[in-house]
Amino acid sequence: MREDIAVVMDKDPAATSRGEVLLYPHIHALWAHRVAHAWYRRGHRTAARAVALAARFLTGIDIHPGAVIGRRFFIDHGAAVVIGETVEIGDDVMLYHQVTLGSVGWWKDRRRPPGAKRHPTVRDGVVIGVGASVLGPITVEEGAYIGARAVVLEDVPPHSKVSCPRPRVHDPADTAGSQASGSANSSGNHNSSGTSGSSSTPGTSGTSSSLHAAATTPLSKGVASP
């Protein structure tokens, strides 16, 4: 328990005392998981689920009792983190909020043999950013970094980085000029297809949709760079 508190003190500048760390949600989720996992290994599945459910209600962190978690595990903020049954997590791993370590879907899992691994393995020293999803029986190797909102569906090499496309920032002057041009075009003649103010007009919905796509397009296969 001292080690669990010490890792928070080491990694979170907002933590000012050990007493404050005792109020961190992930501390209670982690300690409850150790109890639930012990019950799970002994075959007391219902009791293990009850402990996990109570921890989820208290902390907002959903850890299946079957998951294996190593030492010095830290979930910063902790809200809406999901960790599946066959997940294996090494030592010194850090997750941020809204991370999912899950499966790729029941329609694929049902084709696997009974007891087959369905969730990822996360090796020592991995960091997984806000809102990232690591799905399926893949391996994130030692020291890798998974960026915010990435969707990872294949193995990640050691000490590599996975990132999503970044949103674009448009200059206000360019945006205003494009909007004025778009207004002039929309008040004039219709285009050849019979529509007015089409979404492809620069500065109108065409621009906003491209910004949205850049901001939300997931990394379906994981682009890793050494």
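The values are calculated or read from the model by the stated rules, or taken from the named source; none is laboratory data. Owing to the predicted nature of the structure, the values given are computational and were not obtained by experimental measurement. Virtual Cβ from ideal backbone geometry, glycine too; neighbours counted across all protein chains shown. Calculation scope for accessible area: heavy atoms of the full protein, side chains included, ligands and nucleic acids excluded. Shrake-Rupley method; radii C 1.70, N 1.55, O 1.52, S 1.80 Å.
Just to check your reading of the model, which residue among Ile75, Ile138 is modelled with pLDDT of 95 or more and open to solvent by less than 10 Å² (accessible area, probe 1.4 Å)?
Criteria check complete, one pass: Ile75.
Find the helices (runs of 4 or more DSSP H) located wholly in the range 1-70 whose residues include 2 or more that are within 25 Å of Gly136 (Cα to Cα), and list them.
Per the criteria, 25-41, 45-59.
Taking Asp92, is it open to solvent by 10 Å² or more (accessible area, probe 1.4 Å), part of a loop (DSSP other than H, G, I, E, B), charged (D, E, K, R) and within 21 Å of Pro25 (Cβ to Cβ)?
yes
Can you tell me which residue in the range 95-126 is farthest from Arg149 (Cα to Cα), limited to those that are in a strand (DSSP E or B) and in contact with a Ser or Thr (Cβ under 9 Å, 6 or more places away or on another chain)?
My answer is Thr121.
Which condition number in (1) modelled with pLDDT of 95 or more; (2) surrounded by 13 or more Cβ atoms within 10 Å (Cβ to Cβ); (3) not polar (S, T, N, Q) is the one that Ala15 fails?
Among (1) modelled with pLDDT of 95 or more; (2) surrounded by 13 or more Cβ atoms within 10 Å (Cβ to Cβ); (3) not polar (S, T, N, Q), the lone unmet condition for Ala15 is (1).
With the requirement that a residue be under 21 Å from Arg118 (Cα atoms) and open to solvent by less than 20 Å² (accessible area, probe 1.4 Å), what does the range 33-69 give you?
The answer is His33, Ala36, Ala48, Ala52, Ile61, Ile63, Pro65, Gly66, Ala67.
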